[in-house]
Amino acid sequence: MSKIFNGSKFLFIPNSTSKLTIIRKKLAQSHGAVIIDRLLPNCYVLIDTKLYSKDSQIVKKIVELGGDKPDVKYLNQGWLVDSTQKLQKLDDLNYKINVTVPRLSSPSIRNSSPETKRQKYVKPLTRSEIIESNLNRSIIGSSNNPNSYTIEILSQMAEQRDIQGDNPFKSRAYKIAIDSLQKTPKYIDTYDKAIKIPGIGQSIAEKIEEICTTSNLRLLNQLQKSEKNQLMQLFKGIYSVGNTFAQKWIDEGMKSLEDISQRKDLSSLQKLGLKYYQEWNERISRKEATLHREYIMEVMLAIDPDVEFTIGGSYRRGSETSGDIDFIITKEDTGLIELKFIVNKLLENLKITGYHKCSLTTLSNKWLGGGALTPEYNSKLKGDIKTDEWGKCRRIDFLLVPWDQKGASFIYFTGNNDFNKKIRLKASKRGMILNDAGLFQKQDIKNDKGEIVDSKLILLESHDEKKIFEILDVKWREPNQRNIGSNFIL
Ligand code: DCT
Ligand code: MG
């Protein structure tokens, strides 16, 4: 398991011995967090807002636990759960709790009682702060399903059932149980409670009790440690390899990447995936991604200075590292044909300069491939230390976006995946369709008798990102507020 919280200090509120708190603490520890019981500088205070819903309750508790310290983050526990589900320390913006807490280290208050300290030093919230704080809490509360941990473990079981190539009904049973749990507002921790829920059978009900009482599932541990799972993960790390190929290779006795590289039947994509196995499985720093953009824009200058390059995906959402670099390419009043012509020229020039390392997929509206920083730009990456070495080959996407579809495409290519699912769901609940081409209203076509014979799509908006949010009645979220978990309700 990756250590996403590596060494971060977590203080839980409540700091009780309730089952849920114990499970969440173990979950945090298993991902590298250190659990503390007093506030310390730079720590994370993780609050169960179901139990602590009022600012005054939270402030009281924090004062009891040592009062505010420098650089403390106050977050809803949903952040912990969602981060562990994503195996990535999520940006905390969506989970922040706005409380104003007194600093007890000030000499003038060191000797006073917690009660007087609070009365004396809590700055009253302004009306807008109160509204914002309540708003945050209502959004956050809905992301915090009490069964999130159980759901995470059951999802991993479903994945293992698929990986192990078991009877497909077994993995389906887990998916149905997860769906039922997601709709259950109560914490389900025993066999008796679980078995009453439609969609949960005997075997899964037993597992839910095991998860809640031991915060563990022995069968899952066994399956994850199995040689088969280890090999599946290794082979699926090759670009373009999914369950089917990985499974086939294992069945044929392959044990290592070396074995795979000896095969004579590899596709060109699989060969590239093997060649760049290391580079394409490591995250790219924000600084490096920014330098790729600067370099490409410099090459572009000679072709067309008016083309816009925006890095989408996790980069636009503010992440410190990214899996690939998703360039969204557009130009004022320009359609796809002209853009394609411009980008083809760009690719030719990038081949000449040596940046272009390989092509994976070329379609009318996208190019996927590999690119590396020139020695000059690689030197900038290394803090202006001159080097003759080329940078590492990185996974680059060029996504060509006609100007009139800019807003819809920006939403799609910014993500994250869960945000996209939720905003599309919002559209479909309103009889609309949202995709990277635009937001459309579905309209029935009726015959003379009033019977529905067909339907058509009417474009509502596609260029303006903010307008699409507005029409959907979704409060505008900056890209860095779109790092949401699957339990988040938009
Ligand atoms: N996307 C989506 N659904 C998918 C895959 C992608 O909606 N199944 C959208 C959302 C993000 C964007 O495309 C870019 O995709 P990725 O590069 O795969 O994701 P990312 O968020 O940029 O993450 P990473 O840092 O791993 O690249
Ligand atoms: Mg990406």
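A short reminder: the numbers here are calculations on the coordinates, not readings from a lab. Given the structure is predicted, the values throughout are model-derived calculations rather than measurements. Note that we place each Cβ from the backbone using ideal geometry, even for glycine, and neighbour counts take in every protein chain shown.
Key figures for this structure:
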item: Neighbour-count order for 463, 31, fewest beta carbons within 10 angstrom listed first; result: 463, 31
item: Beta bridges by DSSP in the stretch 284-401, antiparallel share as percent, to the nearest 5; result: 80
item: Kirkwood Rh, Cα atoms: Rg over Rh of the chain; result: 1.00
item: Normalised contact order of the stretch 222-319, rounded percent, pairs of Cα under 8 Å and 6 or more residues apart; result: 22
item: Virtual spin-label span in nm between residue 459 and residue 267, 7 Å along Cα→Cβ; result: 3.3
item: Dimensionless Rg ratio for the stretch 23-77, taking C-alpha atoms and the 2.2 N^0.38 Å reference; result: 1.13
item: FRET efficiency for residue 214 and residue 164, using Cβ-Cβ distance with R0 set to 30 Å, rounded to 0.05; result: 0.85
item: Semi-axis lengths, Å, the stretch 226-274, gyration tensor of Cα atoms, sqrt of 5 times eigenvalues; result: 16, 11, 9
item: Part-to-part distance (alpha-carbon centres) for the stretch 368-430 and the stretch 208-262, which is given in Å; result: 29
item: The stretch 399-442, relative contact order in percent, only Cα pairs under 8 angstrom and at least six apart counted; result: 40
item: The stretch 39-108: trypsin sites (Lys or Arg not before Pro) falling in loop per DSSP and having at most 16 other Cβ within 10 Å; result: 50, 54
item: Charge context of residue 453, other residues only, Cβ under 15 angstrom, K/R +1, D/E -1; result: 0
item: Unit charges on C-beta of K, R, D, E only; dipole of the stretch 284-401, Debye; result: 440
item: Nearby aspartates and glutamates by direct alpha-carbon distance to residue 96 (threshold 14 angstrom, same-chain neighbours under 8 apart not counted); result: 48, 55, 71, 82, 129, 132
item: Of 490, 67, 337, farthest towards positive along the dipole that unit charges on Lys, Arg, Asp, Glu beta carbons give the chain; result: 67
item: Farthest toward positive dipole pole in the chain [+1 Lys/Arg, -1 Asp/Glu at C-beta], among 229, 254, 184; result: 184
item: Dipole magnitude of the stretch 345-490, debye to nearest 20 (Cβ charges: Lys/Arg +1, Asp/Glu -1, about Cα centre); result: 360
item: Förster radius 56 Å - calculated FRET efficiency between residue 192 and residue 376 (Cβ-Cβ, nearest 0.05); result: 0.25
item: Bridge type composition, the chain - antiparallel percent by DSSP, nearest 5; result: 65
item: Total charge dipole magnitude, the chain, about the Cα centre, Cβ charges on Lys, Arg, Asp, Glu only, Debye to nearest 20; result: 1740
item: For peptides 414-421, 280-287, sequence by mean Cβ density within 10 Å, most packed first; result: 414-421, 280-287
item: Residue-averaged 222 nm ellipticity for the chain, from DSSP H runs of 4+ at -39500 (n - 2.57), nearest 500; result: -13500 deg cm²/dmol
item: Given 264/351; 9/61; 86/236; 89/421; 9/186, the pairs whose alpha carbons are separated by over 22 Å; result: 264/351; 9/186
item: Lys/Arg +1, Asp/Glu -1 at C-beta; the stretch 284-401 dipole; positive extreme among 302, 362, 352; result: 362
item: Nitroxide proxy distance, nm - points 7 Å out along Cα→Cβ at residue 348 and residue 425; result: 4.8
item: Integer Hz, Karplus 6.51/-1.76/1.60 couplings in order for the stretch 218-234, x for Gly and Pro; result: 4, 4, 5, 4, 4, 5, 5, 7, 4, 4, 4, 5, 4, 5, 4, 5, 4
